[in-house]
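Just below is one structure, and these are the notes that go with it.
Only the coordinates and a few stated rules stand behind these numbers; no lab work does. The structure presented is a predicted model; accordingly, all values stated were derived computationally and were not measured. Note that each Cβ is placed from the backbone with ideal geometry, even for glycine, and that neighbours are counted across all protein chains shown.
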Amino acid sequence: MTVHGDNTPLTAETLQKEILGFLTERIKTDVELDQDLFASGVVSSMFAMQLVVHLEEAYDIAIVGADLKLDNFRTVVGMSSLVLRLKGDTEAAGNA
Amino acid sequence: MPDRLADERAFIGGLVGARAAAWDVAGELPADLLHTMGAKGLLCAQVPASYGGLGLSSRENGELTAYVGSLCSSLRSIMTSQGIVAWTIQRFGDREQRRTFLAELTGGKLTAVGFSEPGAGSDLAAMQTRIKADGDGFVIDGEKKWVTGTRYADFVLIIARHGDGEGAAAAIVPVDAPGVHIELVPSPMGCRAAGHANIRLDNVRLPATHVLGGGGQPLSMLFTTALSYGRVSIAWGCAGILQACLAAATRHARHRQQGGVALAEHQLVRAHLAELLIAEQVALRACEHASGQWDSAAPDMGLMAVLAKHVSAGHAARSAATAVQLLGSAGAEDGHVVARAFRDAKLMELIEGSNEICQLILADHALSLTD
């Protein structure tokens, strides 16, 4: 499943919108861009893993090792930065 | 369909032979057998070939796990633990840690994983064990209960809190590190030869390279990722218990005479056999689905792992009781395959999320499907 079309450029804004959409659909609660999802108890233990699997599948990235830190998943803004950085790494590697 | 795993199965079958009953009674597995299986990558067969593993899919590894589960649940438990640790390293370790430790786990080194604590069983959020940065390394303090496989392990993976914050960490702790105190669980009710132990960690110093990804992961993400692998593995292991019970019960029903006819001619016995077959097939379907979701990286893979584990463990526990009932005195001696199944399957309803914890997770999901 890839939610993001290949033709639209991936920006922080579109990413945040897509991640918010995924969260709202799955947890049926409105969340803010900078809301701490773990502190507010929005993210259950089962959903924490789903989030990683979803981001990997939707954006064709691998999130492993040190990238799995809490701070990268705490907020929607954090997750979108992580995806953008890993997409950048993938493309840089692909062009090398 | 050619059976890709026929050689592996034959190899393991040859190693185990008819010895599982004696291992159960003695409460110990032969360590050389574990090292032999480990060195062939069979204890964590999903490790990718690029890290020295067999690179099996979840489905293939599941079938192998069920086969081992049908022979000996203690040995299958060792596979579950080794697999959880390998998967957690693959997921949370950095490049160097994946390279180093996965090579060890497919090269004959043995491991175990510590989640539960005296005050944190089902409620893992109550975990007290803590890893703190100290100089250029880390120090770990705490206590872990009922750690499967510790008796044979070269190192254990300890899940703990990280620093003073809310994050978590997973650390590789060699069993011979100063400050590691291991006490075997004297007489476990089931999986008696799986080497369960309680571990006390008293100011244990670790190099920075032993904390996966440097630590600081969300606790929920860390333990759900690790446990999900364990749940799929246990689900398949219980499918193996069901296969063993079905085989023992049908063989007995065909050959044992009662009232001048074979047991199988009694309708009440046939009802039991039908229910055993249904249980075995239902558990297999749940396992296949969970592994299918795992292999296609579906977002509900963790949920389907819980479902499969709950279905399979429940059926195994009930069917093992049925098998003991059918075999009567023939299966009532400790070490007999159905006697072992009866004790081993009951434990499977407790570990990696008790029946009740599984129900809570599944109920949460059911509720999320409606507005």
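Odds and ends about this structure:
- From phi via Karplus (6.51, -1.76, 1.60), per-residue ³J(HN,Hα) for the range B:93-105 in Hz, x at Gly/Pro: x, 7, 3, 5, 5, 4, 4, 5, 7, 5, 5, 5, 6
- For the range B:26-39, Karplus couplings with θ = phi - 60° (6.51, -1.76, 1.60), whole Hz, Gly/Pro x: 6, x, 8, 9, x, 4, 5, 5, 5, 5, 5, 5, x, 5
- Each of B:236, B:146 was scored by other Cβ atoms within 10 Å of its Cβ. Listed from fewest to most, they are B:146, B:236.
- In this structure, the amide hydrogen of residue B:111, modeled 1.01 Å from its nitrogen in the peptide plane, lies closer than 5 angstrom to those of B:154, counting only residues at least 5 positions away or on a different chain.
- A helix-only calculation puts chain B at -17500 deg cm²/dmol for mean residue ellipticity at 222 nm, using -39500 (n - 2.57) for each DSSP H run of at least four residues, averaged over all residues.
- Among B:45, B:323, B:264, residue whose mean-square fluctuation peaks in a GNM of chain B (springs only between Cα atoms under 10 Å): B:264
- Across B:66, B:22, B:286, mean-square fluctuation computed from a Gaussian network of chain B (C-alpha pairs under 10 Å connected) peaks at B:22.
- Put simply, the amide H of residue B:46, placed in the peptide plane, has neighbours under 5 Å in B:56, leaving out anything fewer than 5 places away on its chain.
- In order through the range B:343-348: 3J(HN,Hα) via Karplus (6.51 cos²θ - 1.76 cosθ + 1.60), integer Hz, x for Gly, Pro: 7, 5, 5, 4, 5, 5
- Computed on chain B, with alpha-carbon pairs under 8 angstrom and 6+ residues apart, the relative contact order is 17 percent.
- Candidates B:147, B:211, B:185: whichever shows maximal mean-square fluctuation once chain B is modelled as a Gaussian network with Cα springs under 10 Å: B:185
- Residue order, fewest to most surrounding Cβ atoms within 10 angstrom, among A:42, A:76, B:68: A:42, A:76, B:68
- Radius of gyration and Dmax over the Cα atoms of the range B:206-358, both given in Å: 19.1, 71
- Under 5 Å, built H, 5+ apart or other chain: amide partners of residue B:258: B:263
- Most positive-pole-ward Cα, B:103, B:80, B:66, against dipole of chain B from beta carbon charges: B:66
- The mean count of C-beta atoms from other chains within 10 Å of the C-beta of residues in A:59-66, rounded to a whole number, is 4.
- Sorted by Cβ neighbour density within 10 Å, fewest at the top, the residues B:58, B:81: B:58, B:81
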